[in-house]
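The structure under discussion appears below in the form of structure tokens.
Just so it is clear, none of the values below were taken in a lab; they were calculated from the coordinates. Computed from a predicted structure; not experimentally measured. No Cβ is skipped: glycine too gets one built from the backbone with ideal geometry, and neighbour counts run over all protein chains shown.
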Amino acid sequence: MHEFSIAMSIIEIAEKEAKAVNSKYISALDLDVGTMAGIEYYALDTALEMAVKDTMMENAKIKVNKIQAKALCSDCKTEFEISCITDSCPKCNGLFHEILSGKELKIRSIVVEDAV
Ligand SMILES: [Zn+2]
């Protein structure tokens with residue numbers, strides 16, 4: 001499951017951040033995940049739930065912010081919500097567009113417990 005390895009690397013990054021400030025526990029983590037990042041939200045939730053066991057994130061509150069993918073039509077400059085790369089512009093049916101958002105997969109913020 002590809003979401004599991006993603007969950008593992010998220011935890012790895014978060015733990016590194018926490019260690020950098022001498023903290024032992026991560027209490028909250030906010031993630032930005034675009035609708036076109038190639039990730040199943042449900043699978044990611046499940047993967048995170050399993051992957052946090054015995055890590056610094058075991059009791060962390062994880063929030064996944066779903067970022068709706070948006071594109072800008074190259075022809076008529078309409079901004080529209082997109083669900084697939086081949087979607088055409090709803091206004092002019094143009095097929096060329098620039099993806100504005102929706103491919104993100106990043107940690108927005110990490111909250112760590114005070115250093116002990
Ligand atoms: Zn258009």
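Calculated from DSSP H runs of 4 or more alone, at -39500 (n - 2.57) each and per residue, what is the 222 nm mean residue ellipticity of the chain, nearest 500? Theoretical 222 nm ellipticity from helices: -8500 deg cm²/dmol.
Of all DSSP beta bridges in segment 2-112, what percent run antiparallel (nearest 5)? Walk me through the numbers before you get to the answer.
Working: 14 of 21 bridges.
Percentage antiparallel, nearest 5: 65.
Under 14 Å from the 7 Å Cα→Cβ point of E17, by amide nitrogen: which residues of segment 31-47? In segment 31-47, the label zone of E17 (backbone N under 14 Å from the point 7 Å along Cα→Cβ) covers 31-33. In this simple spin-label approximation, T78 and Y41 carry label points 7 Å from Cα along the Cα→Cβ vector, and these lie 2.5 nm apart.
Taking Lys and Arg as +1 and Asp and Glu as -1, the other residues whose beta-carbon sits under 11 Å from that of A43 total -4.
Where Rh denotes the Kirkwood radius from the mean inverse Cα pair distance, what is Rg over Rh for the chain? Can you show the working numbers first?
On the way: Rg = 17.6 Å, Rh = 15.6 Å.
Result for the chain is an Rg/Rh of 1.13.
Restricting the trypsin sites (Lys or Arg not before Pro) of segment 53-97 to loop positions (DSSP other than H, G, I, E, B) with no more than 14 neighbouring Cβ atoms within 10 Å leaves K53, K77, K91. Available extension along the chain between T86 and K53 is 8.0 nm, counting 0.36 nm per residue and deducting the alpha carbon span. Helix 41-51 and the longest principal axis of the Cα set of the chain meet at an angle near 20°.
Roughly how big is the chain's charge dipole about its Cα centre, with Cβ charges of +1 (Lys, Arg) and -1 (Asp, Glu), in debye to the nearest 20?
Working: 13 positive and 19 negative charges, 43 e Å.
Value, rounded to 20: 200 debye.
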